[in-house]
1. What is the list of residues in the range 76-108 whose amide nitrogen lies under 18 Å from a point 7 angstrom out from the Cα of residue 41, following Cα to Cβ?
2. Taking R0 as 41 Å, what FRET efficiency do you get between residue 223 and residue 358 from their Cβ-Cβ distance, rounded to the nearest 0.05?
3. Could you please rank 261, 405, placing first whichever residue has the fewest other Cβ atoms within 10 Å of its Cβ?
4. Could you calculate the FRET efficiency of residue 461 with residue 12 from 1/(1 + (r/R0)^6), where r is the beta carbon distance between them and R0 is 35 Å, rounded to 0.05?
5. So if R0 is 41 Å, what FRET efficiency would residue 435 and residue 242 give, r being the distance between their Cβ atoms, rounded to the nearest 0.05?
6. Would you kindly state how much longer the chain becomes between residue 419 and residue 316 on full extension, computed as 0.36 nm times their sequence separation minus their alpha carbon distance, in nm to one decimal?
7. If you find the alpha carbon centre of the range 323-361 and of the range 111-130, how far apart are they in angstrom?
8. Roughly how many nanometres apart are two label points built 7 Å out from the Cα toward the Cβ at residue 251 and residue 350?
Amino acid sequence: MSPSTPDPRRWKALALLCGAFFMVILDTAIVIVALPSIETDLGFSAGDLQWVLSAYALTFGGLLLLGGRAADLLGRRRVFMAGLAFFTTASLLCALAWSPAVLIAARAIQGIGAAIMTPTALSIVTTTFEEGAERNKALGIWGSLGGVGGTAGWLIGGPLTDLGWQWIVLLNVPIGAVALALAPRLLSESTAPASQRSLDPIGAVTVTAAVVALVYAVVEAPDAGWGDGQTIGLLAASAALLAIFTVVESRAKAPLLPLRILRKRTLVGANAAMLLFSAVAFGFPFILTLYAQQVLGYSAVEFGVSSIVFPLGATVGSILGQSMVGKVGFRPVAAVGMTLLAVGSLYLAQVSVGGSYFGDIFIGLLICGPGVGFAFVTCSIAALTGVDEREAGLASGLSNTTFQIGAAVGTAIVSTVAVSRTEDVLRAGEGDRLFALNEGFQSGFLACLVLAAIGLVVTLLLLGRAPAAPRLEVAEPAAEGES
């Protein structure tokens, strides 16, 4: 198909890809609701239960960059379907798990599937829609589905867990099966030029090990301690592996991450902003969920239903954001998003023991929802603007990697701050446990405020003023590898 002729299936393809993305985001959030039931049913120890989340985070975050590059080299549709098959099969295995070890292994396989599927889906969106207003609209829809998927986990997790925790993962099986059946009909195949087809195994091993070490360090830090030898050693190992990766990439004939791509200021700025955005976007819901359930006494179902204003706000922010980016540029839209997240975090930092939904939660969600939409869609568009089609999977993988690392780091930071403050209050005898918990949650929201403020500074300094102009297709071998 000629690059100038839009694929007539593109909007149906977008629906399919967004459905797969929704499934990944939903799965990330919904498992949290079911953890107590999983602990009781499978006999997890308190220390091992976190690995239901951590095993998924390690493989997901560690393999995203490799998954995106594999899509460019081996065929985007082919790799997407492989990742989807991994994810769907692992979901079934999770539901059939008969021991903690089996569930943890299945969650790790789920993470592999997500790491292959997510950047590949985003790169297909990039190569299906031409750069400009139409791609921005598609990414706006993509972003809004991400926000809805995250909160839908809170909304439906409670009722499904009441039926049996297995249903939270069995939900993925029919969705995955339908998506696998539709993918060959709706998605076109595309790859990088034959001359660029090299997987760079040394680069793949070093960067994957670096990201795994980093994610493992931040996931374990709240329990081990940020000053513990394990945490420091893992962070040092991650830095050393990243340095080795940089040297390898500078000398490789077909590098996994061509260093020239990091000369694109907009791409670097978008990924830096995405890192801080996701830290806040995952950090404040984590704290808010605990506050609502442990201080105000909400059930998981009650909190999910009452929080519907958040995904609605995120959806509105995504739609408005993708439209505004084409008119005023990346920087103003992302700055508005970061500012709203900062203001919302500041408001939530005033939560109280005797609080109420409308007095302590509603306004914060109302402010943060559009902020999430503005920031996410802008960073997603900026991270893919001006990127050659043959490197779309790479850029998508890089963006998703920073998103996942930010989520892990943000959750670890706010969790550590909240727990530390709670323990300090209890040791000082300043109040009962409920008061101490509330003090900790207030501190966690203040940590989110600081992260959002840093994100605002990064946005103002690094993001470009406006999107790059659409590139002429005169000499672009865009049709190569297409079917």
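1. 88-108, by backbone N distance to the label point.
2. Given R0 = 41 Å and the Cβ-Cβ separation, E is 0.70.
3. By the 10 Å Cβ count, ascending, the order reads 261, 405.
4. After rounding to 0.05, the efficiency reads 0.30.
5. Efficiency, rounded to the nearest 0.05: 0.45.
6. In short, 33.7 nm is gained.
7. What the calculation gives is 29 Å, centre to centre.
8. Those two pseudo-labels are separated by 5.9 nm.
Coordinate-derived values only; no laboratory data. Note that the structure is predicted; figures quoted are calculated from it, not measured. For neighbour counting, all protein chains shown are included, and Cβ atoms are generated from backbone atoms with ideal geometry for every residue, glycine included.
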